[in-house]
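One structure is given below, encoded as structure tokens.
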Amino acid sequence: VQRQAFGGGLVQAGGSLRLSCAASGRTINSYIVAWFRQTPGKGREFVAASGRDGGSTYIGASVKGRFTISRDSAKNTVYLQMSSLKPEDTAVYYCAGAVRVPSSITATREYDYWGQGTLVTVSS
């Protein structure tokens, strides 16, 4: 099972960016999929998660109202739509998949598969 995250780049503060997490080897609807982000010297911070059917979504407090998560089953892809970006959103963003329903949706230990990360840089 492989997972790829892509779509990062450089954007100005206030701008938007969409990240994609594409799964191969198994249908993405087999997983709870989450996005985390990490800056140098810090642990991975939970950003958002999507239930298997896409009907349940969870958004981290620091991005609530600005980021949304969605999935396209036909494309086997989960998206993170980021709007009103701030310099503090600068980080490497990772997508992750959990086969079982996590006891804690925000805990990295609950996820079985990780993408390689994509860098998002927000300039002021």
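At a glance:
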| read-out | value |
| --- | --- |
| Percent RCO, i.e. relative contact order, over the chain, from Cα pairs under 8 Å lying at least 6 residues apart | 35 percent |
| Inter-probe distance in nm under a simple model that places probes 7 Å from Cα toward Cβ, at residue 81 and residue 104 | 3.1 nm |
| The range 26-58 and the range 86-114: distance between their alpha carbon centers, rounded to Å | 4 Å |
| Partners for residue 75 among lysines (Cα-Cα distance below 27 Å; same-chain residues under 8 apart left out) | 64 |
| Computed magnitude of the charge dipole of the chain (debye, nearest 20; Cβ of K, R +1, Cβ of D, E -1) | 80 debye |
| Gain on full stretching of the segment that runs from residue 29 to residue 42 - 0.36 nm per residue minus C-alpha separation | 1.7 nm |
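Every number here is computed from the coordinates shown, using simple stated rules; none is lab data. This one's a predicted model, so the numbers in the text were calculated from it and none came from an experiment. Neighbour counts run over all protein chains shown; Cβ positions are idealised from the backbone, glycine included.
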